[in-house]
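Enquirer: Handing you this structure, nothing more for now.
The values are calculated or read from the model by the stated rules, or taken from the named source; none is laboratory data. Because the structure is predicted, anything quoted here is derived from the model rather than measured. Heads up, the Cβs are rebuilt from the backbone with ideal geometry, glycines too, and the neighbour counts pull from every protein chain shown. For the accessible areas, the whole protein counts, side chains as well, though only heavy atoms, and no ligand, DNA or RNA atoms are used. Shrake-Rupley method; radii C 1.70, N 1.55, O 1.52, S 1.80 Å.
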Amino acid sequence: MQISYARVIIDISHEKVDRPFCYKVPEHLLEKIEVGSCVEVPFGKGNTLRKGYVIEFMETPDFDPNLIKEIAGVKTGVQVENKLIKLAHWIREEYGSTMIQALQTVLPVKQKVKQKENRILLRKCSAEEAKVQAEICEKKHQPAKARLLKAFMEDEEIPYTLLTQKFHISVSTITSLKKAGLVEETSELMYRNPLKEQDVAKERNVLSDSQQKIVDDIWEDYEKGIRKTYLIHGITGSGKTEVYMALIERVVAQGKAVIMLIPEIALTFQTVMRFQRRFGDRVSILNSTLSAGEKYDQCERAKKGEIDIIIGPRSALFTPFENLGLILIDEEHENTYKSESMPKYHAREVAEELARLHGASVVLGSATPSMESYYKAMSGEYGIFTLKERLTGGTLPKVYIEDLREEMKKGNRTIFSDRLQELIRDRLAKKEQIMLFLNRRGYSGFISCRSCGHVMKCPHCDVSLSKHANGKLVCHYCGYEQPNVVNCPKCGSKYILGFKAGTEKVEESFRQLFGDVSILRMDRDTTKNKDSYEEILSEFMEEKAQVLIGTQMIVKGHDFPKVTLVGILAADLSLGVNDYRAGERTFQLLTQAAGRAGRGKIPGEVVIQSYQPEHYSIKKAAAQDYENFYKEELLYRTLGGYPPVSDMLMVQIFGRDEQDGMLLGDKMKECLKEFSVKNRMTMIGPANAGISKINDVYRFCLILKHKDKEVLKEAKKRLEHYLGSCGIEGKIVQFDFNPMSSF
Ligand code: ADP
Ligand code: ZN
Ligand code: ZN
């Protein structure tokens with residue numbers, strides 16, 4: 001083909017330029033330009049030079065050739081990958097956004113920074129000495145020091161940030177070991193392999209028969225050229241990661257690269273070291289503590305072929321590997337795999353498209369698979385494997401379900417059931433650790449009038465204000481603050497009372513009942529600054545407190561072997577929310593929370609307190625019975641026409657003016673009327689969103705449902721076209737396919 005014209009997308013973030021412009025490719029550049037090339041083009045009336053991306057070539061221009069301008073030059077060094085551009089195009093079509101937004105999502109941040117110096121701790125004694133010292137510290141009940149020394153039995157150098165942020169070692173612990181002359185601090189260039197060559201690949205377990213079967217089956221397909229998605233359903237500790245590593249090894253041996261997605265919170269020191277021990281400096285890690293420049297460096301290393309494996313959160317999907325063989329998604333049910341900003345893509349779906357572009361396979365793993373994935377596995381679209389046994393030792397905990405209505409009848413006015421109280425006393429006496437979990441993020445104390453029922457609300461948002469320990473009333477959505485009120489602003493009554501924020505209240509009641517116990521509390525308020533989350537967990541790990549009270553943040557990621565009792569205070573709070581995923585999320589949370597008990601040598605117990613103890617999410621979670629949970633939940637989704645049985649598109653409308661917002665919703669519905677009748681597409685709304693106002697912006701939603709996603713995509717296209725024709729900006733209307741959270 002004689003290439004002489006190219007469609008170019010201009011790299012400026014404005015909706016109006018979200019369409020390709022046609023340019024002539026000058027002869028001297030013909031050889032240098034390809035799809036994905038970054039080029040400079042004259043743009044607008046003043047012909048200012050703008051940067052753009054070639055997304056396609058054409059033989060004939062789509063308008064008057066005499067008016068077409070020429071590409072001015074090619075920018076080298078920032079060549080974007082052809083496949084990533086294609087992927088961006090797919091994302092745009094699939095989820096709705098501007099091409100620029102899609103490109104910005106997939107392209108590495110082009111921002112080169114000076115390599116950052118990184119602090120590293122070096123072991124200054126022999127491995128044997130570290131072992132001896134670790135044992136001494138254990139005897140002296142200095143668990144943090146012991147843990148640090150144990151880490152040094154394996155490795156001679158460990159990055160400082162890994163220790164403090166991921167391994168929960170406090171600075172004071174490190175300092176005291178430095179003073180003792182056991183470790184020394186040094187600084188090294190980032191990304192140096194902290195491990196010596198000979199350490200690499202020494203850690204290897206012989207796979208169990210069921211693990212080996214999974215690897216062999218997937219590999220058999222792979223070698224036959226079959227590419228598809230597989231789901232490994234296995235509880236935590238059942239050996240999934242070991243399977244991932246065996247697969248990675250085979251794929252890498254064939255010269256292909258691997259992307260492994262993992263929720264940020266699960267990127268623990270242990271996981272990182274485990275992969276580094278196995279794959280040495282061919283593996284690299286992305287996480288949110290890296291700066292944009294550092295992330296870009298990682299991308300460069302991937303492009304140059306210096307690494308084969310990248311581990312990171314959903315954005316790691318866009319690591320520019322030339323030749324991808326495998327994408328793994330661990331804990332595939334996690335909400336964080338869905339992007340909350342435009343384009344609102346789901347990492348699992350994007351991974352499948354990316355795998356298609358590269359001819360790669362996809363492997364998903366989870367203890368509580370998403371309804372979507374399990375549905376596909378049951379329909380035969382995905383291969384499915386199950387791992388049943390926990391290899392980490394520890395037995396499954398004993399689970400009690402306590403009916404809070406019965407407690408009420410018995411006259412128990414506390415938030416702790418009799419059984420939970422009894423078990424708490426037992427653990428306090430035995431000096432074992434306890435985790436108390438309050439299952440709801442937004443469950444915080446609101447202020448209301450006992451006379452007229454008036455609830456204090458944020459003037460800018462449709463949410464109630466929460467009373468904080470400092471006495472102020474705070475909005476969790478926009479940060480608005482005001483002093484507490486003495487009299488009701490509506491009726492003047494002085495009986496205006498606050499209920500303490502959830503976890504604060506739990507702490508107070510706990511102290512009233514059980515006296516002076518060391519308690520740590522983890523919720524949105526205690527973890528406002530970035531490191532406090534890690535600090536609280538370190539302290540709990542170091543047994544500086546016997547009790548940890550928290551929201552869902554405490555159920556993920558970390559193993560606390562001394563925890564032998566987990567109390568779930570009100571398991572059904574998350575069931576009440578108006579969201580079709582509530583049952584699924586409750587099941588996942590309870591299963592995870594229950595799994596926190598008995599990770600060590602001592603068996604654990606779990607108490608689930610609930611007002612709806614007969615609810616299947618609660619019963620099946622207590623029984624750790626995924627299959628039957630799935631069956632019941634699927635019935636509910638089928639009856640309601642919810643994903644995965646039906647697809648759903650939520651059109652989100654934002655408006656400064658309440659009436660305009662609603663009107664726009666009506667107009668959009670009108671414009672789809674004929675289409676929806678013809679295709680039998682369900683339309684619900686427009687209606688006020690669950691939270692009808694945030695930060696003075698009104699929110700509405702229009703919901704479209706259909707069994708065939710293509711119909712919804714077509715509807716979305718029509719809406720985009722309509723909005724474009726009325727000049728409505730992308731910020732006012734957003735699309736969310738199969739939303740993960742209520743709106
Ligand atoms: P998961 O990813 O399902 O949580 P892991 O792969 O992390 O499970 O395995 C849990 C623990 O069991 C790890 O400590 C791992 O080293 C160990 N393990 C896994 N597979 C084997 C095996 N085949 N033999 C011995 N130990 C194993
Ligand atoms: Zn009042
Ligand atoms: Zn507010």
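Enquirer: Hey, does the stretch 643-654 have a residue that's surrounded by fewer than 16 Cβ atoms within 10 Å (Cβ to Cβ) and either assigned by TED's automatic domain parsing to the domain that holds Tyr722 or assigned to a loop (DSSP other than H, G, I, E, B) (or both)?
Expert: No, there is no match, as no residue in the stretch 643-654 is surrounded by fewer than 16 Cβ atoms within 10 Å (Cβ to Cβ) and either assigned by TED's automatic domain parsing to the domain that holds Tyr722 or assigned to a loop (DSSP other than H, G, I, E, B) (or both).
Enquirer: Taking the criterion of being within 30 Å of Glu627 (Cα to Cα), among the polar types (S, T, N, Q), open to solvent by 40 Å² or more (accessible area, probe 1.4 Å) and within 25 Å of the chain's Cα centre (by Cα), would at least one residue in the stretch 287-300 satisfy it?
Expert: no
Enquirer: Something else now. Restricting the search to the stretch 93-108, which residues are within 13 Å of Phe737 (Cβ to Cβ) and open to solvent by 50 Å² or more (accessible area, probe 1.4 Å)?
Expert: Glu93
Enquirer: Out of (1) over 30 Å from Pro397 (Cα atoms); (2) part of a helix (DSSP H, G or I), what's the single condition that is false for Tyr636?
Expert: (1)
Enquirer: Sticking with this one: Looking only at the stretch 526-584, count every residue that is modelled with pLDDT of 75 or more and of a type in the set (Lys, Arg) and tell me the total.
Expert: 3
Enquirer: Still on this model: Of the conditions (1) within 22 Å of Asp155 (Cα to Cα); (2) at pLDDT 85 or above; (3) out of contact with any Leu (no Cβ under 9 Å at 6 or more places or on another chain), Ile310 satisfies every one except a single condition; which number is it?
Expert: (3)
Enquirer: All but one of (1) out of contact with any Gly (no Cβ under 6 Å at 6 or more places or on another chain); (2) open to solvent by 60 Å² or more (accessible area, probe 1.4 Å) hold for Ser417; which doesn't?
Expert: Here Ser417 meets the rest and fails (2).
Enquirer: So, one more: Considering each residue of the stretch 283-308, count those that are free of Cβ contacts under 8 Å to residues at least 12 places away in the same chain and within 20 Å of Thr161 (Cα to Cα), and give that number.
Expert: Total satisfying the criteria: 1.
Enquirer: Given the options Lys705, Lys693, name the one that is within 16 Å of ligand 3 (Cβ to nearest atom) and within 31 Å of the chain's Cα centre (by Cα). It would help to see each step written out before you state the result.
Expert: Details: Lys705 fails: within 16 Å of ligand 3 (Cβ to nearest atom).
Exactly one residue qualifies, and that residue is Lys693.
Enquirer: Only one of Ala257, Ala316 is away from ligand 3 (no atom under 16 Å from the Cβ), of a type outside the set (S, T, N, Q) and touching a Phe, Trp or Tyr at 6+ places or on another chain (Cβ under 6 Å). Can you tell me which? Give the derivation first.
Expert: Details: Ala316 fails: touching a Phe, Trp or Tyr at 6+ places or on another chain (Cβ under 6 Å).
Residue meeting the stated conditions: Ala257.
Enquirer: Okay, next question. Could you tell me how many of the residues in the stretch 727-739 are surrounded by fewer than 19 Cβ atoms within 10 Å (Cβ to Cβ) and either at pLDDT 85 or above or part of a helix (DSSP H, G or I) (or both)?
Expert: Residues in the stretch 727-739 being surrounded by fewer than 19 Cβ atoms within 10 Å (Cβ to Cβ) and either at pLDDT 85 or above or part of a helix (DSSP H, G or I) (or both): 1 in total.
Enquirer: Mind telling me which of the residues Glu605, Glu627 ends up being among the acidic types (Asp, Glu) and closer than 23 Å to Gln433 by Cα? Write out each step before concluding.
Expert: On the way: Glu627 fails: closer than 23 Å to Gln433 by Cα.
None of the other options fit; the residue is Glu605.
Enquirer: When the stretch 667-718 is examined, which residues are found to be within 13 Å of Met650 (Cα to Cα), open to solvent by less than 50 Å² (accessible area, probe 1.4 Å) and either charged (D, E, K, R) or without any contact (Cβ under 8 Å) to a residue 12 or more places away in the chain (or both)?
Expert: Arg699, Lys705, Lys709, Lys713, Lys716
Enquirer: Here is a follow-up. Could you grab me the full set of residues in the stretch 590-625 that are open to solvent by 10 Å² or more (accessible area, probe 1.4 Å) and outside any loop (DSSP other than H, G, I, E, B)?
Expert: Correct list: Thr591, Gln592, Glu605, Tyr616, Lys619, Lys620, Ala622.
Enquirer: Show me the strands (runs of 3 or more DSSP E) entirely contained within the stretch 1-89 in which 1 or more residues are at pLDDT below 85 and open to solvent by less than 80 Å² (accessible area, probe 1.4 Å). Talk me through it step by step, then tell me what you get.
Expert: Values: elements: 5-10, 21-24, 38-43, 48-58, 73-75.
Filter on the stretch 1-89 gives 5-10, 38-43, 48-58, 73-75.
Enquirer: Hey, another quick one. Report every pair of residues separated by at least 6 positions or lying on different chains whose Cβ atoms are under 7 Å apart, first residue within the stretch 242-259 and within 13 Å of Arg274 (Cα to Cα) and in a helix (DSSP H, G or I), second within 16 Å of ligand 3 (Cβ to nearest atom) and open to solvent by 10 Å² or more (accessible area, probe 1.4 Å).
Expert: none
Enquirer: Scan the stretch 334-346 residue by residue and report those that are buried (at least 23 other Cβ atoms within 10 Å of the Cβ) and under 17 Å from Thr229 (Cα atoms).
Expert: Tyr337 - this is the single residue of the stretch 334-346 that is buried (at least 23 other Cβ atoms within 10 Å of the Cβ) and under 17 Å from Thr229 (Cα atoms).
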